[in-house]
Amino acid sequence: MLYVLLIRIVIAQLGLSVMARAYLQSSPLEYIVAVIFAFGLLNLYRDYKIRQLELLGEIEYVALIKPVIVIVRIIVATTAALMWADQAGFNVSTLITGLGVGSIAIALAAQKTLENVIGAITLYTARPIRPGDWCRFGETKGMVEEIGLRSVTLRTKDRTLVTVPNSMFSSADIENFSVRDRIRFFKLLELQMPTPDQLRAILGEFRALFASHPMVKQDSISIRLSDIAAATAVIRLDAEIRTKEYQEYLAVAEDLNLRIIEIVHHNGAIFSGPGQVLQLRDFQQASVDKLAEVDAKLEVWRQGEGLPFPDLSDSEKQRLKNTLNYPDKS
């Protein structure tokens, strides 16, 4: 070791007697001093890295630095002890063999602990999650509070703490909601079977609604009459909302839902639920005036070549883009 060589050079320069030099060279003192010096350097490096990580905003890695330093300390101390034993005349090969057998026994006893430590290293290097992320692990959803050497701690919506061993967490499917760039708005609307013209009017107004909404990503919009099941028409609404924040998404979804209800009711249609028993008296047929209004609307679209089928024209999309009043001030 470099430290031992430096200590020996210093001893040689002190002008000590032959007996004093022999005692110092055969004693473990120089190795003890070297180990203490090495530990001091490791402490300085540890403190420097901790401050560096704090400045970079990666405080979660601090938990990984401390055990790594402890492992390096053990390696340094063991190496120094073996070097001194070899110099003092002990059979180092026998000692190394004994250490090997002991290490195997320790590894078998600490198998789960080692699996968790390796899992922690995997989580820190791959970084599928970070403290503060909202994620799902199996059936559990929660915010990551801490990634430790043994386990990951999640805080659920019920404010309970869920502790998951790193070996399980790092090998399972993890869904991280905090890294998504947009949030999907998806609905399957079931309407008690309206007339074809009512469906055309509803689909057209849905497409205009989504095309004009400033919080909807335009190239993600998909609005289709996807199915006819029993006495219901199923309309599929699919789009992406321009936000990462879930509360803001809920506000946009609420605005869209209210406008969707207005469009359906304005065109004289009625919502239907899955498994709902439909009887003849349940069908509140749209009034003659309402159907006439729907027919007039479609006629205007036909005359202006503005029928939104199979989709809105590019010019109509451009005209409608960001024209909707959101938030709704009315």
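The values are calculated or read from the model by the stated rules, or taken from the named source; none is laboratory data. For clarity, every value in this text was computed on a predicted model and none was experimentally measured. Cβ sites come from the backbone with ideal geometry, for glycine too, and all protein chains shown count toward neighbours.
Tabulated values for the structure
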quantity	calculated
Within the stretch 124-153, considering residues that are polar (S, T, N, Q) and touching a strand residue (DSSP E or B) at 6+ places or on another chain (Cβ under 7 Å), the one surrounded by the fewest Cβ atoms within 10 Å (Cβ to Cβ)	Thr140
Spans of strands (runs of 3 or more DSSP E) in the stretch 174-269 with at least 3 residues closer than 28 Å to Ser315 by Cβ and among the basic types (Lys, Arg)	none
Residues that are of a type in the set (D, E, K, R) and either in the same structural domain as Ala233 (by TED's automatic domain parsing) or in contact with a strand residue (DSSP E or B) (Cβ under 7 Å, 6 or more places away or on another chain) (or both), drawn from the stretch 158-179	Glu175
Test for Val117: is it surrounded by 16 or more Cβ atoms within 10 Å (Cβ to Cβ), at pLDDT below 80 and not basic (Lys, Arg)	yes
Qualifying residue in the stretch 225-247 (condition: over 30 Å from Val117 (Cα atoms), polar (S, T, N, Q), touching a Phe, Trp or Tyr at 6+ places or on another chain (Cβ under 6 Å) and not assigned by TED's automatic domain parsing to the domain that holds Glu145)	yes
Verdict on Leu258 being modelled with pLDDT of 90 or more, under 34 Å from the mean Cα position of the chain (by Cα) and more than 30 Å from Asp133 (Cβ to Cβ)	yes
Residue count for the stretch 231-273, restricted to those that are among the polar types (S, T, N, Q) and either buried (at least 18 other Cβ atoms within 10 Å of the Cβ) or in contact with a helix residue (DSSP H, G or I) (Cβ under 7 Å, 6 or more places away or on another chain) (or both)	4
Of all residues in the stretch 47-66 being in contact (Cβ under 8 Å) with a residue 60 or more places away in the chain and not aliphatic (A, V, I, L, M), the one that is surrounded by the most Cβ atoms within 10 Å (Cβ to Cβ)	Glu60
Residue under evaluation Arg73, criteria (1) modelled with pLDDT of 80 or more; (2) among the charged types (D, E, K, R); (3) under 29 Å from the mean Cα position of the chain (by Cα), criterion not met	(3)
